[in-house]
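*Asks:* Sharing a structure, written as C-alpha cells. Questions coming.
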C-alpha cells in the first residue's frame, strides 16, 4: 500500500480502518503496544531488557501521556492503533478500536518493535511473505520456551511464523539479522513440535497460512509475547494492541539498522 503512516493513522483515528497492518506503509517501522499502570512499569521495563528478542523497546511514554517523541509526532497511542485489547487481572475483557476513554494519569505506554517492519525487505530480497500474499494476519504461536522473569512478569515466548522456500532460508536469516530492534534473525527453523507447537495449522493468534511443498516453517520472536505474559502474570489492568494490529510509525526501517 502506498499510504503514508500519518495518513493511515488518520484513517485509524477516524474509524475508517480497523484491520491488520501487515503490508501497509512499506519501509516504515511498526510497533506492538503495552500500556500498564506505573506501579508495574519498572518490572515490565526490566522484563523487556531481559528479553530483547521478543520485546525490543522502541519508545516509552511519560505516565499519563499518549504522545510519542521518537516514533511519530502529533499522534496518540490511545486512538491510533486499529484494534486494542484490554486485560483485567490477566483476563481479556474487551476489544476496542479506541481506548481514549480508558486513559489515566498513571498509565505508561511501551512501544515494542514488530516483525512486520522487516517484511518489505524480505519481499525485496525475493523471500515470499505468505500472509501478505493471502491477505491474512500473520500466524502466531505460544511456545514452550520460557522468557526470563522480571518482577511479577513471567511466561513463555510467542513466535510468528513465515513459510520460506528451502533455498531462501539463508536469505531470510541474513535480511532479518540486521534488524535486531524489530526481533532480528529467526529463533527457530524447522519442526514446530520441538518448540511446543503441536499443530502448525492452528495458530494461537492470527490466521493459518498455506505452507507449500518445499517450504520450511521459520519462526521469529513476536511482540505478542507480552500478552501471553500478562495472561499468566495477572496485573490488575493492561491495554495492548490486538495481535497483528500495530502502531505504524514515521521511522523508516533503515534507521533502526544503524541506531
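Taken together, the values in this text are just the output of simple stated rules run on the coordinates, not laboratory data. None of the values given here were measured: they were computed from a predicted structure. A quick note on method: Cβ atoms are made from the backbone with ideal geometry, for glycine too, and the neighbour counts reach across all protein chains shown.
*Asks:* Expected output is a single nm value to one decimal: the length gained when fully extending between residue 103 and residue 198, i.e. 0.36 nm times separation in residues minus the C-alpha distance. What is it?
*Replies:* Separation in residues times 0.36 nm, less the Cα-Cα distance, equals 30.3 nm.
*Asks:* Same structure again: Treat each spin label as a single point 7 Å out from the Cα along the C-beta direction, and report the residue 70 to residue 7 distance in nm.
*Replies:* 2.8
*Asks:* Evaluate the Kirkwood expression for the hydrodynamic radius of region 57-97, namely the inverse of the mean inverse distance over all pairs of different C-alpha atoms, and round to one decimal in Å.
*Replies:* On the way: mean 1/r = 0.0849 Å⁻¹.
Hydrodynamic radius (Kirkwood, Cα only) of region 57-97 equals 11.8 Å.
*Asks:* Can you give me the angle between helix 38-50 and the longest principal axis of the chain, using Cα atoms only, in degrees from 0 to 90, rounded to the nearest 10?
*Replies:* 20
*Asks:* Would you compute, for the Cα atoms of the chain, the largest minus smallest coordinate along each principal axis and list the three values in descending order, in whole Å?
*Replies:* 52, 38, 33
*Asks:* Still on this structure, please answer the following. I need the calculated FRET efficiency for the pair residue 148 and residue 257, taking r as the beta carbon distance and R₀ as 35 Å, to the nearest 0.05. Spell out each step's value before the answer.
*Replies:* On the way: r = 25 Å, r/R0 = 0.73.
Rounded to the nearest 0.05, the efficiency is 0.85.
*Asks:* Pick from 16, 144, 74 the residue whose mean-square fluctuation is largest in a GNM of the chain, springs joining Cα atoms under 10 Å.
*Replies:* 74
*Asks:* Considering the chain as a Gaussian network with a 10 Å cut-off on Cα pairs, which listed residue, 23, 223, 126, attains the greatest mean-square fluctuation?
*Replies:* 126
*Asks:* Another question, if that's okay. Radius of gyration and Dmax for region 1-134's Cα atoms, expressed in Å?
*Replies:* According to the Cα coordinates of region 1-134, Rg and Dmax are 15.5, 46 Å.
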